[in-house]
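Data first, discussion second: the structure below is written as structure tokens.
The values are calculated or read from the model by the stated rules, or taken from the named source; none is laboratory data. It should be emphasised that the depicted structure is a prediction, and the values quoted were computed from it without experimental measurement. Positions of Cβ are generated from backbone atoms using ideal geometry, with glycine treated the same way; all protein chains shown enter the neighbour counts. The accessibility values were calculated without ligands, DNA or RNA, using every heavy atom of the protein model including side chains. Shrake-Rupley method; radii C 1.70, N 1.55, O 1.52, S 1.80 Å.
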Amino acid sequence: MSVATVKIQDLGKDPQLGYHKYQFGGFKFERDMYFVRVTWPKGTQTIEVDRFLRAMVRDIGWGFFYGWIFFDDVFGTQNHYGTVDLFAGTYSKAHRDAGVDFLETFNSADVREAFETICKNWINEGYDPLRAPMETGSPLGPKTKEADGPLIRGFNPARRMMGLPGDTAPRSDSSGHPINRAFSDLTFDKPDIEAEPGFEDQVYAFNLYDHIARSDVTWNPSFTSITRACICCVTSEEHMLPVIHGNDRNEWFIQLTDEIHWNIQDKNTGSPRGRIVMKSGDVCAMPADIRHQGFSPRRSMLMVLENGTPGLQDRYAKGELEPFPITASRW
Ligand SMILES: [Fe+2]
């Protein structure tokens with residue numbers, strides 16, 4: 001499915017602060033020293049600039065991910081895999097009851113271009129929204145010099161098993177990235193590799209913990225393996241997930257180190273449904289009908305597994321599949 005092309009419009013520069021304002025469809029975006037204001041025909045939402053930018057660069061980098069990305073309880077995106085909804089208040093009962101909710105559907109490529117335009121203009125040198133807050137500068141204040149370099153860490157596809165001749169995605173342990181301060185107490189043994197004669201250039205192994213420990217970003221995949229529809233990614237997490245994720249399918253978490261505290265809400269209303277504290281070794285299946293946000297008090301490692309089967313979201317939305325991977329009656 002596609003919709004009419006909509007391009008982001010530059011509404012000019014704030015003469016005092018230097019940031020540009022933008023219009024994209026029915027939405028207006030502007031920022032000041034501390035806050036972003038998102039305005040739609042029936043309302044306005046104010047979001048802290050740090051939270052907004054950390055959410056927006058991830059929404060771009062994840063390709064709008066599966067389901068819903070809430071920047072806060074009001075504004076966000078829903079991925080329809082070709083088109084993307086921008087919504088305000090659509091999943092907030094109070095906004096819907098007051099009749100001030102708003103939703104508009106765009107082509108994914110147009111949203112990506114719009115979000116990249118906004119981020120490029122609003123991110124100053126010295127601030128990297130993909131890093132943990134303690135490892136980057138501040139996004140506050142007037143515009144200084146635009147950050148250069150990649151706005152998002154793009155995916156670097158491996159042509160072969162990482163570490164083998166011809167591999168184009170360097171392992172972190174040979175990339176020059178240091179072990180993050182939070183993992184300095186871990187030991188990183190190298191695996192023993194015993195290849196049969198003649199197979200030395202076809203067999204390799206590396207320590208995954210060593211790889212994740214060198215990640216310079218948080219809440220962003222360090223490593224992803226995709227086998228048909230089976231998607232597995234590992235990440236290092238610190239501070240809070242900068243978005244609230246609304247699932248359109250089940251999602252599995254395996255806590256590899258430390259702990260993450262998850263707040264879980266009803267996807268449509270935002271009402272609290274539960275709280276989970278995942279400690280090292282815990283496994284959890286997040287249902288298909290919730291939104292959730294994680295809080296990692298210190299840097300931790302998380303493995304996330306997704307089922308990327310096309311059309312799965314429709315089967316859950318129609319109730320054809322239960323929102324849980326296994327129910328007790330089937331045991
Ligand atoms: Fe999720």
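Note down all Cβ pairs under 9 Å where the first residue falls in region 64-89 and is not assigned by TED's automatic domain parsing to the domain that holds V36, the second is within 16 Å of the ligand (Cβ to nearest atom) and in a loop (DSSP other than H, G, I, E, B), and they're at least six residues apart or on different chains.
Listed pairs, sorted by first residue: none to list.
For T227, only one of the following conditions fails: (1) out of contact with any Phe, Trp or Tyr (no Cβ under 8 Å at 6 or more places or on another chain); (2) in contact (Cβ under 8 Å) with a residue 12 or more places away in the chain; (3) of a type in the set (V, I, T). What is its number?
Among (1) out of contact with any Phe, Trp or Tyr (no Cβ under 8 Å at 6 or more places or on another chain); (2) in contact (Cβ under 8 Å) with a residue 12 or more places away in the chain; (3) of a type in the set (V, I, T), the lone unmet condition for T227 is (2).
Restricting the search to region 236-269, which residues are of a type in the set (G, A, S) and within 24 Å of A213 (Cβ to Cβ)?
Answer for region 236-269, where residues must be of a type in the set (G, A, S) and within 24 Å of A213 (Cβ to Cβ): just S236.
What is the number of the single condition among (1) under 22 Å from P129 (Cβ atoms); (2) in contact with a helix residue (DSSP H, G or I) (Cβ under 7 Å, 6 or more places away or on another chain); (3) open to solvent by less than 10 Å² (accessible area, probe 1.4 Å) that Y34 does not meet?
Failed condition: (3).
So which residues in region 247-273 are of a type in the set (G, A, S) and modelled with pLDDT of 95 or more?
none
Can we say L321 is more than 30 Å from V49 (Cα to Cα), open to solvent by less than 20 Å² (accessible area, probe 1.4 Å) and away from the ligand (no atom under 12 Å from the Cβ)?
No; evaluated as a whole, the condition is false for this residue.
Would you confirm whether or not region 89-106 contains a residue that is open to solvent by 20 Å² or more (accessible area, probe 1.4 Å), within 16 Å of the ligand (Cβ to nearest atom) and out of contact with any helix residue (DSSP H, G or I) (no Cβ under 8 Å at 6 or more places or on another chain)?
For region 89-106, residues open to solvent by 20 Å² or more (accessible area, probe 1.4 Å), within 16 Å of the ligand (Cβ to nearest atom) and out of contact with any helix residue (DSSP H, G or I) (no Cβ under 8 Å at 6 or more places or on another chain): present.
Report whether or not H239 is at pLDDT 95 or above, closer than 16 Å to W68 by Cα, crowded, with 16+ Cβ neighbours inside 10 Å and not aliphatic (A, V, I, L, M).
It is false that H239 is at pLDDT 95 or above, closer than 16 Å to W68 by Cα, crowded, with 16+ Cβ neighbours inside 10 Å and not aliphatic (A, V, I, L, M).
Consider only pairs whose beta carbons are under 6 Å apart and that are at least six residues apart or on different chains; among these, list those whose first residue lies in region 290-314 and is not assigned by TED's automatic domain parsing to the domain that holds W68 and whose second residue is within 16 Å of the ligand (Cβ to nearest atom) and small (G, A, S).
R291/G246
So in region 265-301, with the set limited to residues that are farther than 16 Å from Y66 by Cβ and crowded, with 18+ Cβ neighbours inside 10 Å, which one is farthest from the ligand (Cβ to nearest atom)?
The residue in question is R299.
Between T77, T5, which is open to solvent by less than 40 Å² (accessible area, probe 1.4 Å), outside any helix (DSSP H, G or I) and touching an Asp or Glu at 6+ places or on another chain (Cβ under 7 Å)?
Only one candidate passes the filter, namely T77.
Just the residues that are within 15 Å of the ligand (Cβ to nearest atom) and either more than 11 Å from the chain's Cα centre (by Cα) or outside any strand (DSSP E or B) (or both), please, taken from region 238-251.
M240, L241, P242, V243, G246, N247, D248, R249, N250, E251 - these are the residues of region 238-251 that are within 15 Å of the ligand (Cβ to nearest atom) and either more than 11 Å from the chain's Cα centre (by Cα) or outside any strand (DSSP E or B) (or both).
Which members of region 181-217 meet the condition of being at pLDDT 95 or above and buried (at least 18 other Cβ atoms within 10 Å of the Cβ)?
Selection gives A182, F183.
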